[in-house]
Amino acid sequence: MAVNRGLEDVIAAESSICKVDGEKGHLIYRGYDIDDLAEHSTYEEVVYLLWFGRLPVKEELDKLHKELGANRKLPEDVVKAMRMWPKESVPMEVLRTATSMLSMYDPDANENDRAANVRKATRLTAQMPTIVAYWDCIRNGREVVDPKPNHSTAASFLYLLHSGKEPDEVAVKSLDMALILHAEHELNASTFAARVAAGTLSDMHSAVTAAIGALKGPLHGGANQEVIKMLLEIKELNNVEPYIKKMFADRKKLMGFGHRVYKVQDPRAFHLRKMSEALGKRANETKWYEMSARVEQLAKEEKKLNCNVDFYSASVYHMLGIPSDLFTPIFAISRIAGWAAHILEQLSDNRLIRPEAEYTGEINLKYVPIDKREELVSAKN
Ligand code: SDX
């Protein structure tokens, strides 16, 4: 039986949430093209769309916005615990740990009906951005301020990250679009991890914690932080070509490029590239965009590689003044929308997810008492 390494090309579920067309480079959330949503929607409207399967009417969106706003505060004990953690803790491990801890303070923690899970999804979507913003304040000795209930998710994150400084509208709009672009992507590794955990009838917090752990890896969400690290190492535009050519000669993977499903450009990169250029021009500092564009050109010419969502998001977040080790946590505070949608869908028609393995080990070995194993080991070597 042929094994599809990494489950490549394996259809593991039916889903009505998202379609990733790898051949044509299209991304569809509940029937709407990502280009349409990126241009016209908001992150909170996309959260509603992903969870409930259709765009909300005004009062529905207002209700979700109000519920998110009412749940951005963290339980005091969680903030207290965060203050005790080592300051050099990696933000993704802080997010993973604090998210897991939230279950102990969630009134619906071990309820698994749809209504309870929607309430938990709403609380997690509201609280996770607060965890990330508070951690940057705590680790840098800045004060943490209370969330403002009427802020959008993007505005609240930037407001809390900067200890109460009102964010400018361009930054809010850019981050809001980035959150839309990262919100959902079918059965990517972290979403699949969430579905496997939900499929055992465990709980929402356990499934989301599993997803955060998967997203942390540089082959998945961790790539955007590696991209900015590379750009900072390259420093200037004229260093790009020798640096990239050496990477290829050393057969190193270029972070932010390639994709398991997209065979052409990742449609999300189109919007993030535009945003990177616009933010660069606005700040009169286009070098990160220009360097990125040069890397992209070389990757295409030399290795026929297309960039993915993680490539230009790096320069966008850098231009927004966000510390690089918060880039992947921002991916997570967006993708909670998709993770929750898939957890709800998994539970709506659940079957335990349990594939099999092709056994390649030995067979019919007989037990050997421990005092007789020396010769066994020496015979083997
Ligand atoms: C995300 O799945 C999703 O939907 C994920 C995501 C989402 O929204 O959830 O889209 C978000 O995770 C984007 C991907 C972020 N990761 C990176 O940018 C890390 C760098 N990318 C690669 O590691 C790789 O492209 C993967 C992990 C993304 C995909 O890997 P695959 O499908 O297992 O492909 P592969 O590693 O088997 O590579 C196939 C060939 C190889 O060449 P050969 O060795 O066969 O000659 O393509 C080459 C690879 O060497 N290749 C690359 C490359 N990606 C693939 N070579 C250099 N640099 C790269 N980035």
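Data overview
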| item | result |
| --- | --- |
| Boolean, Gly222 is modelled with pLDDT under 95 and either within 16 Å of the ligand (Cβ to nearest atom) or among the hydroxyl-bearing types (Ser, Thr, Tyr) (or both) | yes |
| In segment 243-273, the residues that are more than 10 Å from the ligand (Cβ to nearest atom), among the β-branched types (Val, Ile, Thr) and within 22 Å of Cys18 (Cα to Cα) | Val264 |
| Residue within segment 23-44 that is within 13 Å of the ligand (Cβ to nearest atom) and open to solvent by 50 Å² or more (accessible area, probe 1.4 Å) present | no |
| Counted residues, segment 324-343 - those being buried (at least 20 other Cβ atoms within 10 Å of the Cβ) and out of contact with any His (no Cβ under 8 Å at 6 or more places or on another chain) | 13 |
| Options Ser292, Ser315: the member that is of a type in the set (S, T, N, Q), open to solvent by less than 30 Å² (accessible area, probe 1.4 Å), more than 12 Å from the ligand (Cβ to nearest atom) and more than 19 Å from the chain's Cα centre (by Cα) | Ser292 |
| Among (1) within 30 Å of Leu95 (Cα to Cα); (2) surrounded by fewer than 19 Cβ atoms within 10 Å (Cβ to Cβ); (3) within 14 Å of the ligand (Cβ to nearest atom); (4) not aliphatic (A, V, I, L, M) - the single one Gly321 does not satisfy | (3) |
| Close pairs from segment 183-199: first without any contact (Cβ under 8 Å) to a residue 24 or more places away in the chain and under 15 Å from Gly221 (Cβ atoms), partner open to solvent by 10 Å² or more (accessible area, probe 1.4 Å) and more than 12 Å from the ligand (Cβ to nearest atom), Cβ under 8 Å, at least 6 apart | Ala193/Ala210; Ala193/Gly213 |
| So Val132, is it out of contact with any Leu (no Cβ under 7 Å at 6 or more places or on another chain), touching a residue at least 24 places away in the same chain (Cβ under 8 Å), under 27 Å from Gly221 (Cα atoms) and assigned by TED's automatic domain parsing to the domain that holds Gly69 | no |
| Filter result for the condition that a residue is surrounded by fewer than 20 Cβ atoms within 10 Å (Cβ to Cβ), outside the structural domain of Tyr289 (by TED's automatic domain parsing) and not β-branched (Val, Ile, Thr), over Arg119, Arg195 | Arg119 |
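The values are calculated or read from the model by the stated rules, or taken from the named source; none is laboratory data. All of these numbers come straight from a predicted model, not from anything done at the bench. Cβ sites come from the backbone with ideal geometry, for glycine too, and all protein chains shown count toward neighbours. Note: accessible area is taken over every heavy atom of the protein model, side chains too, but ligands, DNA and RNA are not part of it. Shrake-Rupley method; radii C 1.70, N 1.55, O 1.52, S 1.80 Å.
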